[in-house]
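Remarks on the structure that follows.
The values are calculated or read from the model by the stated rules, or taken from the named source; none is laboratory data. Just so you know, these numbers come straight off a predicted model, no measurement behind them. So basically every Cβ, Gly included, is an ideal-geometry build from the backbone, and we count neighbours across all protein chains shown.
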Amino acid sequence: MPGLTEREVPTGVLYLCATPIGNLEDVSVRLLKTLRHVHLIACEDTRQTAKLLRRYRIRTPMLSYHQHNRRQREGELLETLREGHDVALLSDAGTPGISDPGSDLVRRAVEEGVAVTAIPGPSALVCALAISGMDTSRFTFEGFLPPRAARRRAFLQELRGEVRTMVFYEAPHRVLETLADMEEVLGDRRVTVARELTKRFEEVFRGALSQAREHFSQHPPRGEFTLVLEGSRGEAARVSAEQVRAEVEALLAQGVEKKEALRMKALQYGIPRRDIYRWLARRED
Ligand code: SAM
C-alpha cells in the first residue's frame, strides 16, 4: 500500500465466531453478516459448518482448522490475515477456544498485532450455568475431567475445598461414572445435569448427585452433557468428626437407616460418605 510502512499496513481481522450448540436458529444478525463478508471461514469440521452455511445461504469458502492440522493451518491463516484479509474462526458448536481449538491461533494473532474480535453467542457452559439454579456470582470452568478413573478422582480431590460453582463438560458414556466419583469424593451435593441444550430432547435434571445417578441409571445418558456442581459450602472445614458422628448416631437412634443417615450428613456438610463411615467405624472399634 503506497505511503505506508510495513508495520502500518492494516492486517485483516480475526473474528472469533460463536455458533449454535444445537438449534440452528441461535444465530445473530451480526454473525451472519460477518460470515458473508469475510474472505475465509476457518472451521473444525467443514461438513458441520456447511450445515449452518447452507441454512443461511452463505457461500464463503471454508478451510478446516482442527486439533490435528492446527499447527500448519495457523501459519496459513496468519499469512492470510497479514495480507489484509478478514478470517472468521468457528468451532463445530459454541464458542471457539472453549474446550475447542482456537486459543493458540488467538495467542499468535495477538502476538503478531493482528486485530482479534468476537462475535459473541452460544456456549454450553454459560447456557447450563445460567439455567442451573446454582449460585452464579462466582464459578469455575473445569472443562472435561480426565477419562481415567484414578486421575479423575485425583482431579476431583483437588476440588474438595472449591466454594465456587463448578461447570464440567462430559461425554455421555462417562456421565454415570463421573456422577458416582463426584458423590464419592465431594459428597452428595447438588448438581444440575444439562443435556442436549437448545435441541429437541433438551433435559435439565436438578437434584442431589445420588438422585442424578439414579435417574440416569434408569435413563441411559445420550447426547451432549454439561454438569453444574454446587461448590463446597465450607461446612466441612468447620464441623468436627465428633459432631458429625454424634449427629449420625442421633439419626440412627430415631430409626433412620444408616445409609440414609450417612447420605443426609454427607449432603449437609459436603463431606464424602466414606469419611463419615470411617469416623463411625473408628467409634465402633
Ligand atoms: N466450545 C463449545 C462451547 O462453547 O460450548 C464446547 C465444545 S466441547 C468440545 C463440546 C462439549 O460441550 C460437549 O461434549 C458437551 O459437554 C458440551 N455441549 C455442547 N453442546 C451441548 C448441548 N447442546 N447441551 C449440553 N452440553 C453441550
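Odds and ends about this structure:
Residue-wise test of (1) of a type outside the set (A, V, I, L, M, F, W, C); (2) surrounded by fewer than 16 Cβ atoms within 10 Å (Cβ to Cβ).
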site: Leu197; (1), (2): no, no
site: Gly207; (1), (2): yes, yes
site: Ser210; (1), (2): yes, no
site: Phe216; (1), (2): no, no
site: Pro221; (1), (2): yes, no
site: Val228; (1), (2): no, no
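- Restricting Val185, Val193 to those that are assigned to a helix (DSSP H, G or I) and either within 19 Å of Thr140 (Cα to Cα) or out of contact with any helix residue (DSSP H, G or I) (no Cβ under 7 Å at 6 or more places or on another chain) (or both) reduces the list to Val185.
- Selected residue (only one of Ala130, Ala150, Ala124 is under 15 Å from the mean Cα position of the chain (by Cα) and loosely packed, with under 13 Cβ neighbours inside 10 Å): Ala130
- Qualifying position, being out of contact with any helix residue (DSSP H, G or I) (no Cβ under 7 Å at 6 or more places or on another chain), surrounded by fewer than 18 Cβ atoms within 10 Å (Cβ to Cβ) and without any contact (Cβ under 8 Å) to a residue 24 or more places away in the chain, among Asn23, Asn69: Asn69
- Selection within the stretch 95-111: residues that are in contact (Cβ under 8 Å) with a residue 40 or more places away in the chain and surrounded by fewer than 20 Cβ atoms within 10 Å (Cβ to Cβ). The member of this set that is farthest from Glu83 (Cα to Cα) is Ser99.
- Positions within the stretch 211-266 being closer than 23 Å to Glu158 by Cα, part of a loop (DSSP other than H, G, I, E, B) and touching a residue at least 60 places away in the same chain (Cβ under 8 Å), in sequence order: Glu230, Gly231, Ser232, Arg233, Gly234
- Some residue of the stretch 232-250 being surrounded by fewer than 21 Cβ atoms within 10 Å (Cβ to Cβ), away from the ligand (no atom under 16 Å from the Cβ) and modelled with pLDDT of 95 or more: no
- Applying the criterion of at least 3 residues that are within 16 Å of the ligand (Cβ to nearest atom) and assigned by TED's automatic domain parsing to the domain that holds Glu224 to the helices (runs of 4 or more DSSP H) found wholly in the stretch 52-138 leaves 124-131.
- When Phe201 is tested against (1) modelled with pLDDT of 90 or more; (2) buried (at least 16 other Cβ atoms within 10 Å of the Cβ), only condition (2) is not met.
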